[in-house]
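The values are calculated or read from the model by the stated rules, or taken from the named source; none is laboratory data. Remember, predicted model here, so these are calculated numbers, not experimental data. Every residue, glycine as well, gets a Cβ built from its backbone with ideal geometry; the counts of neighbours run over all protein chains shown.
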Amino acid sequence: MRFEVERKFLVASDDWRRAATGRRRLRDGLIVQAGGGKVRVRLDETRAWLTVKGPRDGLGRAEFEYEIPPSDAEAMMEAVCPGDQIQKVRHSVPHAGLVWEVDVFEGDLAGLILAEVEVAHETQPLLVPGWAGPEVSADPRFRQSALLRLRAETGRPLTLDDVLAGTPTKA
């Protein structure tokens, strides 16, 4: 078992792009969310994973991740979570000894950009890059499951203002 501690930030500028060292297109499908945890399927251009995340304990949570055949992930996306998917391009951005992941969302979440960084423990000192905006680690509005739910409620693409308001009007 792995215990993942993640910190999440809004992105304030495009300055991260100059430092990005890699990118990959991801598709996440939410299979189930229960008891504070979730099961997700993730697919990139060549690989796929099934991930089980436990309930949050502060900024951390238990995480179990298993590589699966991409064809199985595609089948799960279609059969189990056709409407509960998020598309994004994840950019790797090294900064101060850590690798930040900047997610540029696509589809109904286009325009939303979030940065995450994994740390060893919640009290680990963190040098936040100048391009990072406010921290939203503890803000439930920025969890992928909340974004999916909000998108379903609106019936239209979301803006950052929608996410911040938490209760947008239907289209």
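Annotation: Val128 fulfils all but one of (1) touching a His at 6+ places or on another chain (Cβ under 9 Å); (2) surrounded by 19 or more Cβ atoms within 10 Å (Cβ to Cβ); the unmet one is (2). The listed residues are Val136, Val102, Val163, and the only one of them that is of a type in the set (A, V, I, L, M, F, W, C) and touching a His at 6+ places or on another chain (Cβ under 8 Å) turns out to be Val102. Whenever a residue of region 122-144 is among the basic types (Lys, Arg), its partners that are modelled with pLDDT under 95 and in a loop (DSSP other than H, G, I, E, B), lying with C-beta atoms within less than 6 angstrom and at least six residues away or across chains, give the pairs Arg141/Gly166. Being of a type in the set (D, E, K, R), outside any loop (DSSP other than H, G, I, E, B) and under 20 Å from Ala62 (Cα atoms): is that true of Glu122 here? Spelling it out, it is not the case that Glu122 is of a type in the set (D, E, K, R), outside any loop (DSSP other than H, G, I, E, B) and under 20 Å from Ala62 (Cα atoms). Consider region 41-85 and keep the residues that are hydroxyl-bearing (Ser, Thr, Tyr) and not in a strand (DSSP E or B). The one that is surrounded by the fewest Cβ atoms within 10 Å (Cβ to Cβ) is Thr46. Reported count of residues in region 1-27, each being aromatic (Phe, Trp, Tyr) and surrounded by 15 or more Cβ atoms within 10 Å (Cβ to Cβ), is 2. Residues considered: Glu135, Glu116, Glu106. Of these, the only one that is closer than 21 Å to Val41 by Cβ and modelled with pLDDT of 95 or more is Glu116. Of all residues in region 29-61, those being farther than 17 Å from Arg2 by Cβ and among the hydrophobic types (A, V, I, L, M, F, W, C) number 7. Is there a residue in region 90-106 that is of a type outside the set (Ser, Thr, Tyr), without any contact (Cβ under 8 Å) to a residue 24 or more places away in the chain, assigned to a helix (DSSP H, G or I) and over 17 Å from Val5 (Cβ atoms)? Scanning region 90-106, I find no residue that is of a type outside the set (Ser, Thr, Tyr), without any contact (Cβ under 8 Å) to a residue 24 or more places away in the chain, assigned to a helix (DSSP H, G or I) and over 17 Å from Val5 (Cβ atoms), so the answer is no.
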